[in-house]
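Just so you know, all these numbers are worked out from the coordinates, no wet-lab data involved. Remember, predicted model here, so these are calculated numbers, not experimental data. Cβ: placed from backbone, ideal geometry, glycine included. Neighbour counts: every protein chain shown.
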Amino acid sequence: MHKVRTTLTRRLAAILTALPLLAPTVGAAALAGASVVAAPTAAAAPDGQAVVPPMGFNNWNSTHCRADFNEAMVKGIADLFVSQGLKAAGYQYVNLDDCWALPNRDAAGNLVADPVRFPHGIKAVADYVHDKGLKFGIYTSAGTKTCDAAGFPGALGHERQDANLFASFGVDYLKYDNCNNQGVDARKRYTDMANALHATGRPIVFSLCDWGESKAWEWAAPIGHLWRTTGDISDNWFSMINIAHRNQPLAPYAGPGHWNDPDMLEVGNGGMTAAEYRTHFTLWSMMSAPLLIGTDLRTASAETFSILSNPDVIAVDQDPLGKQGTVVANNGGLVVMVKELANGDRAVSLTNETGGTATISTTTDALGIANRSPYRLKDLWTKVASTNTTGTISASVPSHATVVYRITPGPVPVPPAGTSHLSDIPWTGMLNGWGPVEKDRSNGERAAGDGRAPTINGTVYAKGLGAHAPGTLTYHLGARCTRLTVDVGVDDESTRTGSVTFRIYRDDIKVADSGVLTTSDPARALTADLTGGRTLTLAVTDGGNGIDYDHADWANPRLTCT
Ligand code: GLA
């Protein structure tokens, strides 16, 4: 069969991106043959802070270093958080960015607040914010000076002294920038401040801001609560969407207490349309990003308030499962993301990055909720609710807009007691390298039902699942099953190049592995202990020579449940 390479490559990319969604650590790493244990996991927050992404305000995107960044502004924001219901909606931190200090430390080496901007000092502002039941944040740089060209003192070499000063102000959150770092190793600089904050004894959320330079997502979870993943956002569509693209693949690194930070919100600053700001706010929520308002709420429009306080979208961001959403498809700028939520719901966003209105569709298979009909859907911007019994979710989406649904799937089918053929049981998620997985047939690569009887090295099987690497099949076990036995191998119709590794996972644990099998190998019998498992995942990956003709048969799979 002749394959269209570009389509295949695109599909492969989509599958690899989507895999972490279906089985948290059965992701790209597992497909690449890496140890499952080594894959990043969403561990609990080590110190109980930032269990959900921080929400609040930071002045930078609104004021930069201008004079309108001052005590009146900060107090005004705190007032509006309460009076406009933003505090009730979850916004908590009122944070100062660069330019709050004077260019020089005092004789004792302490930072000094700019007396024009903050005539009563920083502690007075912190007290004001605290009196409203809110939290207070501050900024400095892991360098000799901060980032603004005016050059305010940074904390490099002053970590203990500055951390102590911040704690004495009552600071609850520190954004720690990266300018003028003198080439000192990022891990050292950020760890020194983390230790200094810890030594104060005051719980302080630690926000690393090195713009992704050191790939902090790979190392900073034990010392910080969030890390910038990109350079600075600007108030325009291209900046915002490019940052989203860079932050989206980092989903496996986020989790309670340790978040990817694609920078603060521009919503309301005037450089984007309302549809673009709704896309911005939706994507940040799908990505479990911190929601730090970056506009001057004292002059914000009703529309800005309504975007920033949409409770349904905020609930997606703040969902306690803390799983960053992933891209399941990107067809020329028509982007589908899915985010698994704590109660089993899925948030699904359909973003149109193109210049004209387009229909964007996805399937319940791609979302990991197949065979859970009927699904309840709520459009989180229009609030229109509906019920769907088909496997397709689809909407007409204007240019640069996003439609986002919260989907509540129907009850999970439980496998029957006794021993059943797995091919008679509905899967809950299916991703496949080429065409759909076939029941009781080999993989025909294209339409459903186009394979033949599964055949491995001359043995013909009546029952089986015909897959094509790379891919996964997931099943709900509900902790009721004990065992899967199966013969695996490359189907005889893969004449020359087929080579596949078959792996079986009980939840996140690998419980069987075939090693590499090629067209010349006989079927290998695998037995997997599923006792206590909630989810069964069957994964097929390329055996090392590319995914050409990787027709992967799970032959005669028998599931035993109680
Ligand atoms: C850097 C940061 C910004 C902001 C400015 C302040 O550019 O990335 O978020 O804090 O510094 O100077």
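The HN-Hα couplings worked out from phi for the stretch 243-260 by the Karplus form 6.51 cos²θ - 1.76 cosθ + 1.60 (θ = phi - 60°) are 5, 4, 4, 6, 8, 4, x, 8, 3, x, 8, 8, x, x, x, 8, 10, 6 Hz, whole numbers, x standing for Gly and Pro. Once both labels are positioned 7 Å from their Cα atoms along Cα-to-Cβ, the gap between THR527 and ASN457 label points is 1.9 nm.
Scanning the chain for cysteines with no neighbouring cysteine C-beta under 4.7 angstrom from their C-beta gives CYS209.
The ASN110 and VAL184 beta-carbon pair, evaluated with R₀ = 22 Å, returns a calculated FRET efficiency of approximately 0.50. Compactness of the stretch 378-440 is given as radius of gyration and Dmax, 16.8, 52 Å, from Cα positions. Among TRP284, TRP434, the ranking by other beta carbons within 10 Å of each residue's beta carbon, starting with the fewest, stands as TRP434, TRP284. Computed from phi, the 3J(HN,Hα) profile of the stretch 325-330 under the Karplus parametrisation 6.51, -1.76, 1.60 (θ = phi - 60°) reads x, 10, 7, 9, 7, 9 Hz, with x in place of Gly and Pro.
Highest mean packing first, where packing is the average number of other Cβ atoms within 10 Å per residue, the peptides 415-423, 275-283, 258-266 line up as 258-266, 275-283, 415-423.
When the alpha-carbon atoms of the stretch 455-498 are used, the pair Rg, Dmax equals 13.4, 40 angstrom.
How large is the Rg to Rh ratio of the chain when both quantities use alpha carbon positions and Rh follows Kirkwood? Expressed as Rg/Rh, it is 1.04. Taking 1.306 mPa s as the viscosity and 10 °C as the temperature, the Stokes-Einstein diffusion coefficient of the stretch 443-526 based on its alpha-carbon Kirkwood radius rounds to 114 µm²/s. Peptides 290-297, 197-204 ranked from most to least packed, by the mean per-residue count of other Cβ atoms within 10 Å: 290-297, 197-204. By the count of neighbouring beta-carbon atoms within 10 Å, fewest first, ASP550, ASP106, ASP98 end up ordered ASP106, ASP98, ASP550. In sequence order, the stretch 130-139 has phi-based couplings of 5, 4, 8, x, 10, 10, 10, x, 9, 9 Hz under the Karplus curve 6.51 cos²θ - 1.76 cosθ + 1.60, θ = phi - 60°, and Gly or Pro positions carry x.
Shown for MET286, MET430: other C-beta atoms within 10 Å of each C-beta, ranked fewest to most, produce the order MET430, MET286. A protection proxy built from the mean count of other Cβ atoms within 10 Å ranks the segments 456-465, 338-347, most packed first, as 338-347, 456-465.
Counting only residues at least eight positions apart within a chain, or on another chain, the lysines with an alpha carbon under 29 Å from that of LYS463 are LYS3, LYS439, LYS510. All alpha carbon pair distances within the stretch 134-249 were sorted into 10 Å bins beginning at 0; the resulting P(r) in whole percents reads 14, 44, 33, 9, 0. The C-alpha atoms of the stretch 478-562 occupy a region whose extents along the principal axes are 41, 22, 15 Å, arranged from largest to smallest. The gain in end-to-end length when the ALA124 to GLU213 segment is fully stretched comes to 28.5 nm, 0.36 nm per residue minus the alpha carbon separation.
The residues neighbouring CYS65, those whose beta-carbon lies less than 11 Å from its own, together hold a net charge of -3 under the Lys/Arg +1, Asp/Glu -1 convention.
With the charge dipole of the chain set up from +1 on Lys and Arg Cβ and -1 on Asp and Glu Cβ about the Cα centre, the Cα lying farthest toward the positive end among the listed residues THR535, SER423, MET287 is that of SER423.
Close amide H pairs (under 5 Å, H built 1.01 Å from N) link ALA101 with ASP114, residues at least 5 positions away or on another chain. Looking at the stretch 359-403, the trypsin sites (Lys or Arg not before Pro) that sit in a DSSP loop and have at most 12 other Cβ atoms within 10 Å of their own Cβ are LYS383. Normalised by 2.2 N^0.38 Å, where N is the number of residues, the alpha-carbon radius of gyration of the stretch 212-344 equals 1.02.
The relative contact order of the chain, computed from alpha carbon pairs under 8 Å that lie at least 6 residues apart in sequence, is 11 percent. Mean separation of Cα pairs under 8 Å and 6 or more residues apart, divided by the residue count, gives the stretch 238-349 a relative contact order of 26 percent. In whole percents, the pair-distance distribution calculated for the stretch 410-562 from its alpha-carbon pairs, binned every 5 Å from zero, is 2, 11, 21, 25, 20, 12, 6, 2, 0. Bridgeable lysines around LYS132 (alpha carbons under 29 Å apart, same-chain partners fewer than 8 residues away excluded): LYS75, LYS87, LYS123, LYS175. Debye calculation, C-alpha points only, no solvent: report log10 I(q)/I(0) for the stretch 283-375 at q = 0.17, 0.20, 0.23 Å⁻¹, in the same order as the q values. After summing over all Cα pairs, the log10 values are -0.86, -1.06, -1.19.
For the stretch 128-202, with equal point scatterers placed on the C-alpha atoms only and solvent neglected, what are the log10 I(q)/I(0) values from the Debye formula at q = 0.15, 0.22, 0.26 1/Å, to two decimals? The computed values of log10 I(q)/I(0) come out as -0.50, -0.94, -1.18.
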